[in-house]
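**Student:** The structure's right below; bear with me while I get my questions together.
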Amino acid sequence: MTSKQTKVIEQLNRAVAKLKACSEFSALVPEVRTNFAYALADARTPEDIAAVDGRITVVDGLPKATGAVKFGASDHLARRILELRKYDRTIRSALNFRWNEAILDFMQKYCKSQNLELGIVERKEEPQELVGQDKGSMPWKVKKLVESCDGRVPPVFYETRGWGKEPLFILVGPDPLELAERATDIACRFHAR
């Protein structure tokens, strides 16, 4: 493993540890579980992106990584990062969390209070030829997101329900520790509301 790869693994491990220490984040773990990914600065393929093998689930009321952080452990979130980087090269990390009406209401207020742009991907607008197609919709979803945000990648966005797809929130940014801090802040504030 190169020194750059080692640094990515160490940084993501620290970020995952922060999530695991936040019991309030358990309420934000979706049915498909949470994954957390961090790309090498020159990432070209999903193999250049580290993530939690098996994702993050909930055990005894606490978020728990079911496997180690390693390169190539995510396909979906890794492909999303690669696609987002076509529009914003600073994006290197992403994590997903639960969507429901209560969380949406909270997140709209949270983003406004934090001066964060909140983006949306309307899955019902997905072209019929992409619906259900394995790995086919990511370029379309990211393009629609960026177009709806005047050419910017928003730091927080969500996807609505789609064919066989759970709606989810996604946080993105350059650094996984910053994302972990934001995710735990969201979780604690949502819990305390």
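**Student:** Report, by residue number, each residue of segment 27-54 that is outside any strand (DSSP E or B) and surrounded by 20 or more Cβ atoms within 10 Å (Cβ to Cβ).
**Tutor:** Answer for segment 27-54, where residues must be outside any strand (DSSP E or B) and surrounded by 20 or more Cβ atoms within 10 Å (Cβ to Cβ): Leu28, Val29, Asn35, Ala43, Pro46.
**Student:** Hey, another quick one. Test Leu62 against the criterion of being surrounded by fewer than 20 Cβ atoms within 10 Å (Cβ to Cβ), closer than 27 Å to Ala192 by Cα and touching a helix residue (DSSP H, G or I) at 6+ places or on another chain (Cβ under 9 Å), and give yes or no.
**Tutor:** yes
**Student:** Now for a separate question. Of all residues in segment 145-160, count the ones that are more than 19 Å from Thr90 (Cα to Cα) and more than 16 Å from the chain's Cα centre (by Cα).
**Tutor:** Start the filter on segment 145-160 by keeping residues that are more than 19 Å from Thr90 (Cα to Cα), which leaves 148, 158-160.
With more than 16 Å from the chain's Cα centre (by Cα) added as a condition, the list becomes 148.
Count: 1.
**Student:** Report yes if Asp185 is among the charged types (D, E, K, R), surrounded by fewer than 19 Cβ atoms within 10 Å (Cβ to Cβ) and part of a loop (DSSP other than H, G, I, E, B), otherwise no.
**Tutor:** No.
**Student:** Moving on. Among the residues in segment 75-90, are any in a helix (DSSP H, G or I), modelled with pLDDT of 95 or more and of a type in the set (Ser, Thr, Tyr)? Show your work before the answer.
**Tutor:** Within segment 75-90, the first condition is being in a helix (DSSP H, G or I), and the residues that meet it are 76-84.
Retained after the next criterion (residues that are modelled with pLDDT of 95 or more): 77-84.
Those left that are additionally of a type in the set (Ser, Thr, Tyr): none.
No, the conditions are met nowhere in segment 75-90.
**Student:** Here's something else I'd like to know. Does Lys135 satisfy the condition of being outside any strand (DSSP E or B), surrounded by 16 or more Cβ atoms within 10 Å (Cβ to Cβ) and modelled with pLDDT under 95?
**Tutor:** Values: outside any strand (DSSP E or B): yes; surrounded by 16 or more Cβ atoms within 10 Å (Cβ to Cβ): no; modelled with pLDDT under 95: yes.
The answer is no for Lys135.
The values are calculated or read from the model by the stated rules, or taken from the named source; none is laboratory data. This is a predicted model, so every value here is computed, not measured. Quick reminder, even Gly has a Cβ in these numbers, built from the backbone with ideal geometry, and neighbours come from all protein chains shown.
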